[in-house]
Amino acid sequence: MTFTEIKEILITKTVGIAGCGGLGSNCAVALARTGIGKLIIADFDVIIMNNLNRQYYFFNQLGYKKVHALKENIRMVDPAVQVVPYDLKLTPKDIVSIYKDCDVIIEAFDLAEMKQMLIETVQAEMPDIPLIVGLGMAGFGKNEIIGTRKIGNLYICGDEISEISADLPPIAPRVGIVAYMQANQALEILLNQP
């Protein structure tokens, strides 16, 4: 399949991304570079200095809402990508209303309880939509233990063991690897659909 053929398929697809931090911002930009038609993004947070070590934002965007800054950054990558931003903290009701028409949903939260809420909501309310989650990306090195595991319509990208802590912070290389794995998994799903 040529890149032109890939773009012809992807321009008709919609991907939802829940969270616009390290995973979500990098994954969104990777998908924009492939020619995805529409991204639906949601986050309630603002960009702070500590985000710049792993998130697709810039120094001059400090203090901006992540969803609006990410929309602008994607516009600079590919203005043809339609980005629909939601500046809110997602609830189960929001998840269903915002992401119900997506071809794929990507989980990109920091907090375990938010990950769990998204997984449970999608599996209960939208079980036919593939869900790609990031789990285990803290620290550095250990490329050999990062992978993807499929459980039904749920795809888990990461090492599934490295929890973020003060002694095991999220750093750009591992976060980026998992974000790009999520984007790559989305492409595999989208390009293999009839």
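The values are calculated or read from the model by the stated rules, or taken from the named source; none is laboratory data. Treat the numbers as computed from the prediction; the structure is a model and nothing was measured. Here the Cβ is made from the backbone with ideal geometry for all residues, glycine too, and neighbour counts use every protein chain on show.
Table for the structure above
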quantity: Filtered residues of the range 146-163 (kept if modelled with pLDDT of 95 or more, among the small types (G, A, S) and on the phi < 0 side of the Ramachandran plot); calculated: G147
quantity: Single residue of the range 1-60 satisfying the filter (among the charged types (D, E, K, R) and within 17 Å of N73 (Cα to Cα)) that is nearest to the chain's Cα centre (by Cα); calculated: D43
quantity: Scan of the range 137-157 for residues that are buried (at least 17 other Cβ atoms within 10 Å of the Cβ), hydrophobic (A, V, I, L, M, F, W, C) and under 11 Å from P173 (Cβ atoms), ordered by number; calculated: M137, I146
quantity: All positions within the range 171-190 that are over 10 Å from the mean Cα position of the chain (by Cα), closer than 10 Å to A30 by Cβ and among the polar types (S, T, N, Q); calculated: N184
quantity: Residue list for the range 58-68, restricted to those being part of a helix (DSSP H, G or I) and of a type in the set (K, R); calculated: K66
quantity: Subset of the range 3-24 (residues that are in contact (Cβ under 8 Å) with a residue 60 or more places away in the chain and part of a helix (DSSP H, G or I)); calculated: I6, I9, L10, G22, L23, G24
quantity: Selection count, the range 74-104, where residues are within 18 Å of T34 (Cβ to Cβ) and basic (K, R); calculated: 1
quantity: Looking only at the range 69-111, and only at residues there that are free of Cβ contacts under 8 Å to residues at least 12 places away in the same chain and in a helix (DSSP H, G or I), the one that is surrounded by the most Cβ atoms within 10 Å (Cβ to Cβ); calculated: E72
quantity: Unique match (being without any contact (Cβ under 8 Å) to a residue 12 or more places away in the chain and not in a loop (DSSP other than H, G, I, E, B)) among L52, L39; calculated: L52
quantity: Single match in E125, E120 (criterion: surrounded by 14 or more Cβ atoms within 10 Å (Cβ to Cβ) and either modelled with pLDDT of 95 or more or closer than 24 Å to V46 by Cβ (or both)); calculated: E125
quantity: Qualifying residue in the range 14-27 (condition: in contact with a Cys (Cβ under 8 Å, 6 or more places away or on another chain) and surrounded by fewer than 20 Cβ atoms within 10 Å (Cβ to Cβ)); calculated: yes
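Listed here are the residues, each with its yes/no results for (1) surrounded by fewer than 24 Cβ atoms within 10 Å (Cβ to Cβ); (2) closer than 15 Å to Q182 by Cα; (3) of a type in the set (A, V, I, L, M); (4) out of contact with any Asp or Glu (no Cβ under 8 Å at 6 or more places or on another chain).
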| site | (1), (2), (3), (4) |
| --- | --- |
| V29 | yes, yes, yes, yes |
| V46 | yes, no, yes, yes |
| N50 | yes, no, no, yes |
| Y56 | no, no, no, yes |
